[in-house]
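The values are calculated or read from the model by the stated rules, or taken from the named source; none is laboratory data. Predicted model only: the values in this text are computed from it and were never measured. Neighbour counts are summed over all protein chains in view; Cβ atoms, including those assigned to glycine, are modelled from backbone coordinates with ideal geometry.
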Amino acid sequence: MLYKTNSCELMARPRITLTVSEDIYQYLSDWAEREERPLANLAAYLLSQAVKERQQVEKKQNKSEGG
């Protein structure tokens, strides 16, 4: 079966380098292993969720400020 892909999906996604404490690294590594997913994938998911939550907070703040 052929799947249509967006040309943007074929381009490399931006990357960042992140430094965390050994404790955080170990916790995230264990979490990723329990979910049977790569650590980088888990980190990307967590960052995406944090951004969505922050956007919701900002949206509520803007509404309360009349903007």
Determine the pairs where a residue that is on the phi < 0 side of the Ramachandran plot, located within segment 35-53, has a partner that is surrounded by fewer than 11 Cβ atoms within 10 Å (Cβ to Cβ) and not aromatic (Phe, Trp, Tyr) with Cβ atoms under 8 Å apart, the partner being 6 or more residues away or on another chain.
43/18
For segment 22-34, how many residues meet the condition of being surrounded by 10 or more Cβ atoms within 10 Å (Cβ to Cβ) and either of a type in the set (Asp, Glu) or on the phi > 0 side of the Ramachandran plot (or both)?
2
Among the numbered criteria (1) modelled with pLDDT of 95 or more; (2) surrounded by 10 or more Cβ atoms within 10 Å (Cβ to Cβ), which single criterion is violated by residue 19?
(2)
Has segment 35-49 got at least one residue that is in contact with a Pro (Cβ under 8 Å, 6 or more places away or on another chain) and surrounded by 11 or more Cβ atoms within 10 Å (Cβ to Cβ)?
no
The lone condition residue 3 fails out of (1) over 18 Å from the mean Cα position of the chain (by Cα); (2) at pLDDT 95 or above is (2)
